[in-house]
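Report on the following structure.
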Amino acid sequence: MSSSPLGARRRFDLIAFDWDGTLFDSTALITECIQRAVTDVGGRTPSKQDASYVIGMPLKKALAHAAPDVHPDQYDALAERYRLHYQERKDQLSLFEGTLPLLEWLKEQQFLLAIATGKSRAGLNSVLADTTLKGLFDDTRTSDETAGKPDPRMLHELMQSLGVSADKTLMVGDTSHDLEMAKRAGCASVAVSFGAHGVHEFKDHEPLFLAHSTAELASWFKQHA
């Protein structure tokens with residue numbers, strides 16, 4: 001990916017990415033793991049739409065939303081079954097095509113890069129250790145060490161840590177939870193359509209752009225970031 005003379009006309013200094021469904025092609029697997037976990041504990045299997053809707057939310061909150069007929073006493077077991085199914089198949093997952101070159105180019109352009117994810121810290125550390133991404137990110141936040149989405153605390157902490165104001169921060173995500181978090185934090189956002197939520201769920205959150213592929217996202221960054 002060639003360089004671009006962003007320089008003085010740069011709009012943003014910090015770009016925060018969601019992980020699952022934005023950088024990592026994991027939506028289908030996570031949806032299936034949620035469905036299987038609910039079935040395992042005796043709940044009514046949620047539809048694909050209901051299971052995918054909760055991706056990005058803190059795990060127990062997500063599972064409770066996806067399984068309203070499961071008693072709270074079963075939430076720990078539900079979470080454990082989800083983790084088991086995910087761990088058994090996580091090696092099938094990979095970055096979306098073009099993700100690594102995009103991030104490397106953004107780093108070359110001296111953007112600060114961060115992750116704001118609903119994953120746990122252990123889960124994020126594990127997946128970063130299995131990829132070539134770890135050195136590309138200046139800071140990361142996970143839902144178990146701060147407030148879960150759409151609470152804006154995750155972005156507030158990243159901005160404070162990296163010394164960047166809200167007007168110079170961009171959030172990129174695949175769910176309405178990501179976009180609402182950005183809006184509540186006073187940040188702009190960009191949505192991608194290839195993750196967990198349908199595009200009809202994005203309108204109220206006013207993203208600057210809707211990318212239908214990583215290539216489209218890269219093109220937008222070159223022209224507008």
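I'd like the full set of residues that are modelled with pLDDT under 85 and more than 24 Å from residue 172 (Cβ to Cβ), limited to the range 19-78.
Correct list: 60, 63, 64.
Which count do you get for residues in the range 160-209 that are out of contact with any Lys or Arg (no Cβ under 7 Å at 6 or more places or on another chain), farther than 24 Å from residue 222 by Cβ and buried (at least 17 other Cβ atoms within 10 Å of the Cβ)?
Going through the range 160-209 one residue at a time, the tally reaches 7.
I need every pair where a residue in the range 12-37 that is closer than 19 Å to residue 224 by Cα has its Cβ under 6 Å from the Cβ of a residue that is at pLDDT 95 or above and aromatic (Phe, Trp, Tyr), sequence separation at least 6 or different chains.
Hits for this filter: 15/111.
Quick check on the range 18-54: of everything there that is of a type in the set (Val, Ile, Thr) and buried (at least 24 other Cβ atoms within 10 Å of the Cβ), which residue is farthest from residue 188 (Cα to Cα)?
38
One residue is enough: does the range 150-159 have a residue meeting the conditions within 28 Å of residue 90 (Cα to Cα) and not in a helix (DSSP H, G or I)?
Yes, that holds for at least one residue.
Check the range 86-104 and report whether any residue there is crowded, with 16+ Cβ neighbours inside 10 Å, of a type in the set (Phe, Trp, Tyr), within 16 Å of the chain's Cα centre (by Cα) and at pLDDT below 90.
yes
The values are calculated or read from the model by the stated rules, or taken from the named source; none is laboratory data. Worth saying up front: this structure is predicted, and the values here are computed from it rather than measured. Reconstructed Cβ throughout: ideal geometry from the backbone, glycine too, with neighbour counts over all protein chains shown.
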